[in-house]
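Take a look at the structure below.
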């Protein structure tokens, strides 16, 4: 009844289903783990953004990579801006996530002589991308800056290619190690994303979104539903194939029965007439035979 399952077509289809089921289950768990990571990251961002600011030197140090758990922590830094070594970061979006421009990156020299990079905010790119743009002047004298502590950007982490040969004082990545070489001064690892004092120009970077969890959980459920649908679909196809084969077999049997020749109705009378004709010929031939053999 189910011998067709041993055919090449059905063996391949069955093996394909057996491979797809664990693959889809694994993809579902991959999306689920991404969902968990997103939820945990949102919780960390929310906690750090609303934490009480601490001095920047409690989190960052020269030559030290900022731990991921300290990202978005509120810090304060007091010093004076080194505008002579100010640079702009290319290809950055404004708060509307559409306008392309620059981030203004200015070193802040602390009381001990070390410096920390401060992202003062976003400005428009202007018409000539080959020249250093008009940048709003940084405050003079000693200032206290508050902001979110961020880790150095790298190509591997950000996906931004660190293009060489850019116009003077323009960079692609915010990286304290590279800027320390330019400035010639020890620089704390990471940088500050300024939130205070408030300013309209440059336009300060908005607070990160920690409410959206993304579509990962929905994708996980979809993959698991696909995995469950494979065996169900296989059973449906098997039953349909069996039904079609039974229907074809019934049609073949019906056609074979209709093709057998029927015995003619007048066969018996024809045989009778043939026998009578044979007897008549024999009766006529008998006197002739006797005449031929009679004595003279």
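Can you give the Rg to Rh ratio of the stretch 35-89, both from alpha-carbon atoms, with Rh computed by the Kirkwood formula?
Values: Rg = 14.4 Å, Rh = 13.4 Å.
Here the Rg-to-Rh quotient is 1.08.
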_Spin-label proximity, residue 144 to the stretch 104-128 - amide N less than 17 Å from point 7 Å beyond Cα toward beta carbon_ = 109-112
*Rounded to 10°, Cα long-axis angle of helix 216-259 versus longest principal axis of the chain*: 10 degrees
*Principal axis lengths of the chain from Cα atoms, whole Å, largest first?*
173, 41, 32
*asked:* Which of 38, 161, 26 ends up with the largest GNM mean-square fluctuation for the chain, with Cα atoms connected below 10 Å?
replied: 161
_Please compute the Kirkwood hydrodynamic radius of the stretch 51-196 from all pairs of different C-alpha atoms, in Å with one decimal._
15.4 Å
*Where in the stretch 142-166 does the amide nitrogen come within less than 18 Å of the point 7 Å from the Cα of residue 199, taken along Cα to Cβ?*
142-150
*At 20 °C and 1.002 mPa s, what whole-number value in µm²/s does Stokes-Einstein give for the translational diffusion of the stretch 141-262, with Rh from the Kirkwood sum over Cα pairs?*
96 µm²/s
*Taking the Cα atoms only, what angle lies between the long axis of helix 267-293 and the longest principal axis of the chain, rounded to 10 degrees?*
30 degrees
*Roughly speaking, what is the centre-to-centre gap between the stretch 86-108 and the stretch 190-224 when only Cα atoms are used, to the nearest Å?*
16 Å
*Measure nothing fancy, just the Cα-based angle from helix 8-49's long axis to the longest principal axis of the chain, in degrees from 0 to 90, nearest 10.*
20 degrees
*If each of residue 124 and residue 235 carries a label point 7 Å out from its Cα toward its Cβ, how far apart are those two points in nm?*
6.5 nm
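Each value in this text was obtained by applying a stated rule to the coordinates, not by laboratory testing. This is a predicted model, so every value here is computed, not measured. Positions of Cβ are generated from backbone atoms using ideal geometry, with glycine treated the same way; all protein chains shown enter the neighbour counts.
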